[in-house]
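Participant: I am attaching a structure below and will ask some questions about it afterwards.
The values are calculated or read from the model by the stated rules, or taken from the named source; none is laboratory data. All values reported here derive from a predicted model rather than from experimental measurement. Neighbour counts run over all protein chains shown; Cβ positions are idealised from the backbone, glycine included. Remember, those area values only see protein heavy atoms, side chains included, never the ligands or the DNA or RNA. Shrake-Rupley method; radii C 1.70, N 1.55, O 1.52, S 1.80 Å.
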Amino acid sequence: MTQIIALANQKGGVGKTTTAVNLGIGLVRQGKKVLLIDADAQGNLTDSLGWNEPDKLPVSLATIMSKVIMDEPIVPDEGILHHAEGVDLMPANIEVSLVNTMSREIVLRSYLNGVKGKYDYVLIDCMPSLGMITVNALAAADSVIIPVQAHYLPAKGMAQLLQTINRV
């Protein structure tokens, strides 16, 4: 059964992307099949894995989510990049608008329902905000890892994130 894990914190620079990369590659080295999803329009996960110009990629998470919204067919493995370390990646390059979308908080879950059977783990690297893409990641996830620094403001922000997780 596929485990979907969101790595989330509305504070930037706490290690979400680093944790996603290292955990994903570590799981692959244990013989697991892993899909990493870059759910941050800045594309730091995509860049960290060696795709240095995410804006030039023909398909990204935004493309796939737009297809889900428009109820268009998605070709198996469409947009998934294969990294030399063994992880697969759904890259990011632009943010998709979910403002007027019906069931907008479960668009990502709808996509993952079609691909998760191929993977033991799906790790979603979230952007540093509690926007609709992060809500999508939380709604799709079975669990959440919250990287946090041991300082007052990051800990305070974690309390807000936990409230959001509970609402989702």
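Participant: Could you list, in sequence order, all residues of segment 6-18 that are touching an Asp or Glu at 6+ places or on another chain (Cβ under 8 Å) and open to solvent by 20 Å² or more (accessible area, probe 1.4 Å)?
Facilitator: THR17
Participant: Going by the structure shown, is ILE74 touching a residue at least 40 places away in the same chain (Cβ under 8 Å), in contact with a Phe, Trp or Tyr (Cβ under 9 Å, 6 or more places away or on another chain) and surrounded by fewer than 18 Cβ atoms within 10 Å (Cβ to Cβ)?
Facilitator: When the stated conditions are applied, ILE74 passes them.
Participant: How many residues are modelled with pLDDT under 95 and among the charged types (D, E, K, R) when one looks only at segment 81-96?
Facilitator: 1
Participant: Can you tell me which residues in segment 105-135 are of a type in the set (A, V, I, L, M) and either within 12 Å of the chain's Cα centre (by Cα) or open to solvent by 50 Å² or more (accessible area, probe 1.4 Å) (or both)?
Facilitator: ILE106, LEU108, LEU112, VAL122, LEU123, ILE124, MET127, LEU130, MET132, ILE133, VAL135, listed by residue number.
Participant: Given the residues VAL107, VAL14, VAL99, which is the only one that is out of contact with any helix residue (DSSP H, G or I) (no Cβ under 7 Å at 6 or more places or on another chain) and at pLDDT below 95?
Facilitator: After applying the criteria, what remains is VAL99.
Participant: Further, regarding this structure: Could you say which residue among ASN22, ASN52 is modelled with pLDDT of 95 or more and among the polar types (S, T, N, Q)?
Facilitator: Among ASN22, ASN52, only ASN22 is modelled with pLDDT of 95 or more and among the polar types (S, T, N, Q).
Participant: Given the structure, is SER143 out of contact with any Asp or Glu (no Cβ under 7 Å at 6 or more places or on another chain), closer than 20 Å to ALA20 by Cβ, surrounded by fewer than 20 Cβ atoms within 10 Å (Cβ to Cβ) and of a type in the set (Ser, Thr, Tyr)?
Facilitator: The answer is yes for SER143.
Participant: Give the number of residues within segment 145-168 that are in a loop (DSSP other than H, G, I, E, B) and either of a type in the set (A, V, I, L, M) or closer than 15 Å to LEU108 by Cβ (or both).
Facilitator: 4
Participant: What's the number of the condition PRO58 fails, among (1) surrounded by fewer than 17 Cβ atoms within 10 Å (Cβ to Cβ); (2) within 30 Å of GLN30 (Cα to Cα); (3) not acidic (Asp, Glu)?
Facilitator: Only one criterion is unmet by PRO58, namely (2).
Participant: While we're looking at this one, here's another question. In segment 36-53, which residue that is polar (S, T, N, Q) and touching a Ser or Thr at 6+ places or on another chain (Cβ under 9 Å) is most open to solvent (accessible area, probe 1.4 Å)?
Facilitator: Ranking the qualifying residues of segment 36-53, first place goes to ASN52.
Participant: For segment 136-144, does any single residue satisfy the condition of being assigned to a helix (DSSP H, G or I), charged (D, E, K, R) and under 16 Å from ALA8 (Cβ atoms)?
Facilitator: The answer is no; no qualifying residue exists.
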